[in-house]
Ligand code: M6R
């Protein structure tokens, strides 16, 4: 049942305020994360963690990339992240005290499952962040944290991703306690989380504006997505969404890499999308883009509202609500989902069931 929406994907985008809420609200007790929700053995296992290895595919891999910024940046937990299909086929060095975290919407992705099975006897323990109760990854992992997104039907992952990020943030907090994360900081983040559903609602409210913006993409064959820090994986996720459902070639780069090559590609046929919550990155970007605007390059900026940016020749600015830094990657994902959705609708593709793709990749 599409609940009155034209596509499951749109319905699932609109479900994100409730879905993200379901991903955290039962897990908070007295302003802190209740670590028992990870499983009976959780405390004992977390006490022994020395580092983390995250494994996933596709959108779930992008969630893992963001988690790495959080694990290392917020809590000083050494953290590696790799796509499952690479990790499982190369000789790997697994250090003592490694918690293996798999991230998967379906819990059935063949490469992710194989990676876990291969390392079972070399790791401290396994934790899966998963949306499907009783799935193979849940059954075969020592600990699990369900994302509580509810069934996701659209092949393009939307609410599964934002709820994975919530679950990964909770995971960072409980393990972070054993590293450099203070209780004060944990309370601050838990507090910020309470605002998440309404912040997502505010970005969904930009839907009409984003739909209008999508017209600039419908006739294009290529596009670039830029972001910095935790917004770099968000740019990757935005590019993946656009490729997947609109069949427009989209590449994501860390913003700082633009001048190291891809800038040469930019002209009037190559729109550049950037997620830029704060000024630091934008100033540099604008300088880069000035060189490009002479060639008709067009920049679409999802910007923090404090920036007082104005749209100008070749620069289109969409102001985002004010967002606590920790929540930026979650909230900035939403307008990119809407952008790819509207571009796909304009192009008339099969949004919920893009060509050549399956919802769950259970074979190699
Ligand atoms: O079920 P999983 O999260 O393990 O699936 C991983 C990928 O196949 C999946 O995220 C895929 O990239 C999505 N279709 C992206 O929208």
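From the Cα gyration tensor of region 64-136, with a ≥ b ≥ c the square roots of its eigenvalues, which class applies: rounded if a/c is under 1.5, or else prolate if a/b is larger than b/c, or else oblate? In terms of gyration-tensor shape, oblate.
Taken as Cα centroids, region 181-237 and region 55-77 sit 16 Å apart, rounded to the nearest whole angstrom.
Shape class for region 180-330: prolate, because the ratio a/c of the largest to smallest gyration tensor axis (alpha-carbon atoms, square roots of eigenvalues) is 1.5 or more and a/b beats b/c. Taking 96, 105, 21 in turn, the Gaussian network model of the chain (Cα-Cα springs below 10 Å) assigns the largest fluctuation to 96. By its C-alpha gyration tensor, with a ≥ b ≥ c as the square roots of the eigenvalues, how is the chain shaped: rounded for a/c under 1.5, else prolate for a/b larger than b/c, else oblate? Taking the square roots of the gyration eigenvalues as a ≥ b ≥ c, the chain is prolate. The protection proxy used here, the mean number of other Cβ atoms lying within 10 Å of each residue, ranks peptides 222-230, 255-263 as follows, highest first: 222-230, 255-263.
Read-outs: derived from the displayed coordinates by stated rules, not from any lab. Everything numeric here is computed off the predicted structure, so don't read it as measured data. All Cβ positions, glycine included, derive from the backbone under ideal geometry; neighbour counts span all protein chains shown.
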